[in-house]
Amino acid sequence: MSGKKKLIILLGPPGAGKGTQAKKISREFDLVHISTGDILRNEVRDGTELGSKVKEIMNAGDLVPDELVGEIVRSCIEKHSSAAGFILDGYPRNVTQAEFLMCIADGWPVYAVCIRVEEETLVKRLTGRRYCPGCGKIYNVYFSPPSTEGICDACGTELVQRRDDREEVIAERLRVYHEQTRPVIDYFSSLGRYFEIDGSKSVPHVAQALSELVGVIEK
Ligand code: AMP
């Protein structure tokens, strides 16, 4: 792949706000947003061959095989060959994926930013999360409810809960995070490419901190 592109990776446990923040940063810095979770959910929703392969794994809160997600990321990056850079959310999820990404991003500047949040807050964010299957808008029944319960303010569609945001699945997702994804922090740390921000504050506060950090990284 030719040309130097910036690659920003958002790390952090499920519920840290990676998706919300990645959307904001991608608009602000003109980066292509790649969310492997969103892409996989769309495959499941559309009933594709890939979707049927990954559906049960995702519903159980476990990780989809590295080769499948690696291919998704590689083809997304290839598809946007003229982009200034990328912001990845949900990838890499383990050290094998991190190594694969560093191979794809041969020589590009790569930065990993972890959004840190206490576990208690995460569980509330995840169990309260609802999304609109119509327009993709995200709500939280505790922190940012829609004006009419269960209905999207933007397009009037009925809101739904992600199957993996049920309490029993959340425990498994957090276990997988601690076991497999936390070592990714050490990986980028040892490369001198690791940063952290406090993700416990409100969405605009976290967005401000992240924007300042990415602004500094840009220079
Ligand atoms: P997310 O929306 O990032 O929380 O991802 C939802 C689910 O999609 C995860 O629990 C995994 O089952 C799957 N998934 C997303 N990204 C990856 C990845 N990089 N590696 C493996 N599985 C993934």
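Here are a few things to note about the model shown:
- Computed about its Cα centre, the charge dipole of region 108-147 is approximately 180 debye, with only Lys, Arg, Asp and Glu carrying charge at their Cβ.
- Only Lys, Arg, Asp and Glu carry charge here, each on its Cβ (+1 for the first two, -1 for the last two); on that basis region 46-131 has a dipole of about 400 debye about its Cα centre.
- Cα point-scatterer Debye curve for region 41-107, base-10 log of I(q)/I(0) at q = 0.18, 0.22 Å⁻¹: -0.75, -1.03
- Measuring nothing but alpha carbons in region 1-112 and taking Rh as the Kirkwood radius, the Rg to Rh ratio lands at 0.95.
- Derived scalar couplings between HN and Hα for region 65-76 equal x, 3, 4, 5, 5, x, 5, 4, 5, 4, 5, 4 Hz in order, rounded to whole Hz, by the Karplus curve 6.51 cos²θ - 1.76 cosθ + 1.60 (θ = phi - 60°), x for Gly and Pro.
- q = 0.16, 0.20 Å⁻¹, region 1-55: log10 I(q)/I(0) [Debye, one scatterer per Cα]: -0.64, -0.85
- Contact order relative to length of region 102-219, as percent, for alpha carbon pairs under 8 angstrom and 6 or more apart: 32 percent
- Cβ-based net charge around GLY70, under 12 Å, with every Lys or Arg adding one and every Asp or Glu removing one: -2
- Residues whose placed amide H lies under 5 Å from that of SER144, excluding near-sequence neighbours: none
- Cβ-Cβ distance of LYS137 and GLU28, R₀ of 22 Å, FRET efficiency by 1/(1 + (r/R0)^6): the value works out to about 0.70.
- q = 0.20, 0.24 Å⁻¹: log10 I(q)/I(0) that the Debye formula gives for region 148-219, counting C-alpha atoms only: -1.05, -1.06
- Across region 11-22, rounded Karplus estimates of 3J(HN,Hα) from the backbone phi angles (6.51 cos²θ - 1.76 cosθ + 1.60, θ = phi - 60°) give 9, x, x, x, x, 6, x, 4, x, 4, 6, 4 Hz, Gly and Pro being marked x.
- Distance from region 5-23 to region 57-115 (C-alpha centre basis), Å: 12 Å
- Rg/Rh ratio calculated on Cα atoms of region 119-189 (Kirkwood radius): 1.10
- Taking the inverse of the mean reciprocal distance over all distinct Cα pairs, the Kirkwood hydrodynamic radius of the chain comes to 17.9 Å.
- Spin-label model distance (nm) - GLU71 vs LYS124, 7 Å beyond Cα toward Cβ: 4.2 nm
- Seen from GLU172, the other residues with C-beta closer than 11 Å to its C-beta sum to a net charge of -2, counting Lys and Arg as +1 and Asp and Glu as -1.
- Inter-label distance for ASP153 and SER190, nm, one decimal - labels placed 7 Å from Cα along Cα-to-Cβ: 4.6 nm
- Electrostatic dipole magnitude of the chain [Cβ: Lys, Arg +1; Asp, Glu -1; Cα centre; debye, to 20]: 480 debye
- Pair ARG182, CYS103: separation of 7 Å Cα→Cβ label points (nm): 2.8 nm
- Computed extension gain for ASN42 through VAL160, at 0.36 nm per residue and net of the alpha carbon distance, reaches 41.0 nm.
- Over the chain, relative contact order from alpha-carbon pairs under 8 Å, at least 6 apart, %: 30 percent
- Protection proxy ranking, peptides 58-65, 29-36, average beta carbon neighbours within 10 Å, highest first: 29-36, 58-65
Values quoted throughout were computed directly from the atomic coordinates according to the rules given, and no laboratory measurement underlies them. In this text the structure is predicted, and so the values were computed from the model without any measurement. Glycine gets a Cβ as well: all are built from the backbone with ideal geometry, and neighbour counts include every protein chain shown.
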